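The values are calculated or read from the model by the stated rules, or taken from the named source; none is laboratory data. Predicted model, so just to flag it, every value in this text is computed and none were measured. Using ideal geometry, Cβ is built from the backbone for each residue, glycine included, and neighbour counts are taken over all protein chains shown. All accessible areas refer to the heavy atoms of the entire protein, side chains included, with ligands and DNA or RNA removed. Shrake-Rupley method; radii C 1.70, N 1.55, O 1.52, S 1.80 Å.
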Amino acid sequence: MARDVLLRSIRIVMGGARLTNRGATFLVAGGVALGVGFGAGMPILLYVGSFALALPTVAAFFVRRHAAAMTVTRRFSFPVVEAASTTAVTLRVDNQLRRATAAMRWRDGLPWHPWVTESGWLPRLSVKTGAGNDRSAAQLSYTLTPTTRGVFDVGPLVVEASDPLQLAWGAWSVGAATLLIVTPQVVQFAPTALLAQSGDGEARVVQRRAAGDDDDAMTREYRRGDAMRRVHWKASARHGSLMVRQEEQHSYPQARIIVDTRLVGYPDASRAAVIRTPSGSAVASAHSPRFEWVVSMLASAAVQLRREGFLVSIVETGQSQLTDAAVLHRRSAAEQELLTRLAAIAPIDSPAAWWTDSAARAATSVPTIALVANPDAETVDFLAAQTTGAGLAVAFVVESSSSFGDRERGGTEKRAPVADQLRTAGWKVISVRSYDDVADAWNLLVSESKVLREHD
């Protein structure tokens, strides 16, 4: 009991300082010298012991004095960065004390291994006397290359100090963490042959114009406020009233991607852990290599189809996590919105709100891509209904990498392989593993689309 009180008292006195092995050796040697000197009546040992005890104590106070009050501002060259890409991190450290600080070592906290950056030297910071005193602040920098998608906290900054004799050491966290959004890596895919077979693309514009005169299709009656430069004089003469040119209303080809986001569909998912969303809120997430493959394919496929001119709709079997980003418009900003949402998407328990709406579950005639692993029977039934009338229905099934295959939760009997069920329902199935390259898998879809185009 007395020993615990003594240790607690030492920790209170030292504050954030800790003795090094050398400092602890001095402390033990000093205690031994005092004991022997007192027992043997040798004053010289008492002096030596007192000196040996005083050195680490003074060193601890010296280090503790270095605990400076600083403010840290952290900026990223790209606050939203793609996985496997590099972003530069710049930190500005300001001294807020009324005394100068000594030179110290610094490391910045990382959310992945090795959990901190390599150490560097933080120069001596003088007292802040005015806005023009640059010596009271220092600028630090390093680069980050995140390998996985997610929303991460980078920081806080950790500063370290020690005494000249290396008897004591201290480390303090300075400032707060900064949010970094890492989006899935977008792989460059080969173009598909889906555009020519779509029934809602440029061909429909041609058909509209063929139904009447070109002038009639491109003009409308003049309305108050229309600019005179838009007046179509030829059409106005024919109709006997002012007619103006109107912007052509193109209808673009559509494609749909169905992605299984329900936790039950990923038997390899680990136990739920807490992650951050782009808005900063904490949610429960379960890591699954098979789901990561699905997200990687979803990001790359959606971007590829958008760049080919498609209006891409993403259907989630779980509660919507993409919200307004689930429809990928032709504007380029829509890509960034989608990828930012995908940074935090995870398999969840909650089914989609439209799950019980038969109208929302009805099949459509647009090309459809499904991304699944081991969906439950209800999801398979939903997918089976989507092939009716679809020009192209391709399902990527991420098979288990284990030799034991997928085992149902709760110990129930294994059902027929998902790939076989989808093939029976009319899907073109492409089976992959979580370690397969998404570009190679996409090439198989390109082959399917070319075959379908040739048959048409």
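Rounded to the nearest 0.05, the FRET efficiency derived from the C-beta distance between Ala384 and Val327 at R0 = 25 Å is 0.55.
By a 1.4 Å probe calculation restricted to protein chains, Phe26 has an accessible surface near 70 Å², given to the nearest 10.
For segment 51-147, the relative contact order works out to 29 percent when only alpha carbon pairs closer than 8 Å and six or more residues apart are counted. Gain in length, Asp226 to Ile44, computed as 0.36 nm per residue apart minus the alpha-carbon separation, to one decimal in nm? Computed gain between Asp226 and Ile44 is 55.0 nm.
For segment 18-28, putting each phi into the Karplus relation 6.51 cos²θ - 1.76 cosθ + 1.60 with θ = phi - 60° gives couplings of 9, 6, 7, 4, 5, x, 5, 5, 4, 5, 5 Hz, in residue order, rounded to whole numbers and with x for Gly and Pro. Inter-label distance, Ala377 to Arg135: 7.9 nm, where each label sits 7 Å from its Cα along the C-beta direction. Under a 5 Å amide H cut-off, with hydrogens placed 1.01 Å from N, Val158 pairs with Arg107, Asp108, Gly109, Val174 among residues at least 5 apart or on other chains. Ordered by 1.4 Å accessible area with all protein chains kept, Ser400, Ser241 run largest first as Ser241, Ser400. Counting charges near Leu97 (Lys, Arg +1; Asp, Glu -1) among other residues having Cβ under 11 Å from its Cβ returns a value of +3.
Assuming R0 = 41 Å, can you tell me the calculated FRET efficiency for the pair Gln96 and Ser270, based on Cβ-Cβ distance, to the nearest 0.05? The partial results should precede the final answer.
Values: r = 42 Å, r/R0 = 1.03.
Plugging the Cβ-Cβ distance into 1/(1 + (r/R0)^6) gives 0.45.
In this view, the solvent-accessible surface of His239, computed with a 1.4 Å probe and all protein chains in place, comes to about 100 Å².
Backbone amide hydrogens, once placed in the peptide plane, bring Val315 within less than 5 Å of Ile257, Ile258, Val259, excluding anything fewer than 5 places away on its chain.
Shown here for segment 98-183: chymotrypsin sites (Phe, Trp or Tyr not before Pro) in loop regions (DSSP other than H, G, I, E, B) with at most 10 other Cβ atoms within 10 Å, namely Trp115. Between Phe61 and Ala88, the C-beta separation translates, for a Förster distance of 35 Å, into a calculated FRET efficiency of about 0.35. Using a/c under 1.5 as the rounded threshold, could you call segment 23-150 rounded, prolate or oblate? The axes a ≥ b ≥ c are square roots of the C-alpha gyration tensor eigenvalues, and prolate needs a/b larger than b/c, oblate otherwise. Note, shape of segment 23-150 comes out oblate. Write down, largest first, the equivalent ellipsoid semi-axes of segment 28-82 in whole Å, where each equals the square root of 5 times an eigenvalue of the alpha-carbon gyration tensor. Taking √(5λ) for each eigenvalue gives 50, 12, 5 Å, largest first.
The listed residues Asp226, Asp268, Asp260, Asp349, once ranked by accessible area (1.4 Å probe) with the largest placed first, stand as Asp349, Asp268, Asp226, Asp260. Between the amide H of Thr20 and those of Ala168, Trp169, distances stay under 5 Å, these residues lying 5 or more places away or on another chain, with hydrogens modeled in the peptide plane. The residues packed around Glu160, meaning those with a beta-carbon under 11 Å from its beta-carbon, carry a net charge of +3 if Lys and Arg are +1 and Asp and Glu are -1.
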